[in-house]
Amino acid sequence: MLITVAIIEDLEEIREGLRSFIDPDPDFEIVAMADDADEALKVLPFTQPDIVIMDINLPGMNGIDCINAVKEECPHTQFMMFTVYENDEKVFQALQAGASGYLLKNASPEQIIEALKELYNGGSPMSPTIARKLVNIFRDQKKSKLSSDLLGRRENDVLELLAQGLLYKEIAARLSITVGTVRQHIHNIYEKLHVQNRTEAINKAMRK
């Protein structure tokens with residue numbers, strides 16, 4: 001089954017560079033490309049791609065605001081930020097908007113292909129520097145009232161690994177528990193934090 005991808009990037013050389021190695025891959029099909037948010041808002045609801053590679057620094061409306069504007073019309077689409085920005089504010093804004101992955105533009109073609117597959121299969125791929133930022137901030141926030149009062153120790157462990165982008169089976173292996181137990185912990189986390197998905201849970205747990 002093909003994974004359909006849209007590329008929203010204002011720089012033609014980057015846009016075409018991504019297409020040059022994604023489209024020939026037998027697992028992928030590029031179904032849309034756009035160089036600004038206005039065009040993206042037209043093509044994404046029509047094409048309904050599995051994954052959108054989204055630049056943050058678009059002309060006019062930025063990529064984060066574009067996700068906010070289009071995500072309700074593309075309920076099954078996963079968004080992966082592809083950007084030079086690695087500061088905390090941009091990362092959190094992107095996650096709060098609904099992005100499930102965050103790659104820096106220095107990622108290799110092999111890393112990008114792997115990240116797209118991981119995202120499609122339920123992971124949250126992130127460049128190592130971004131993942132470390134989230135893990136460090138999450139660990140600081142574990143001292144907060146939210147984590148200590150609402151979540152148990154094992155639930156905090158599971159949520160921290162979710163923040164690192166691990167798949168359920170990887171979390172199970174890391175904690176020496178079954179995938180079913182991981183799913184139960186995640187169900188409990190969602191109920192306690194009153195959220196519906198991984199991104200909302202991570203955002204709420206890290207919010208002061």
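Taken together, the values in this text are just the output of simple stated rules run on the coordinates, not laboratory data. Quick caveat: nothing in here was measured; it's all calculated off a predicted structure. When we count neighbours, we look across all protein chains shown, and the Cβ atoms used for this are built from the backbone with ideal geometry, even at glycine.
Annotation: peptides 155-162, 51-58, 74-81, ranked by per-residue average of other Cβ atoms within 10 Å with the highest first, follow the order 51-58, 155-162, 74-81. Annotation: aspartates and glutamates with alpha-carbon distance below 17 angstrom to residue 105 (same-chain offsets under eight excluded): 9, 10, 12, 13, 16, 35, 55, 86, 88, 114. In a reduced charge model with +1 at each Lys and Arg Cβ and -1 at each Asp and Glu Cβ, the chain shows a dipole moment near 1560 debye about its Cα centre. Distance between the pseudo-spin-label points of residue 86 and residue 107 (7 Å out from Cα toward the beta carbon): 1.4 nm. Taken about its Cα centre, segment 3-126 carries a charge dipole of roughly 280 debye when the Cβ of each Lys and Arg holds +1 and the Cβ of each Asp and Glu holds -1.
Convex hull volume of the C-alpha atoms in segment 3-126, normalised per residue: 87 Å³.
Shape analysis of the chain yields a ratio of the Cα radius of gyration to the Kirkwood radius, Rg/Rh, of 0.97. Which residues in segment 27-65 place their backbone N less than 14 Å from a point set 7 Å from the Cα of residue 14 along the Cα-to-Cβ direction? Under 14 Å, as judged by backbone N against the label point of residue 14, lie 34-37, 53-60, 62-64 of segment 27-65.
How far, in degrees from 0 to 90, does helix 88-97 lean away from the longest principal axis of the Cα atoms of the chain, to the nearest 10? Tilt of helix 88-97: around 80 degrees.
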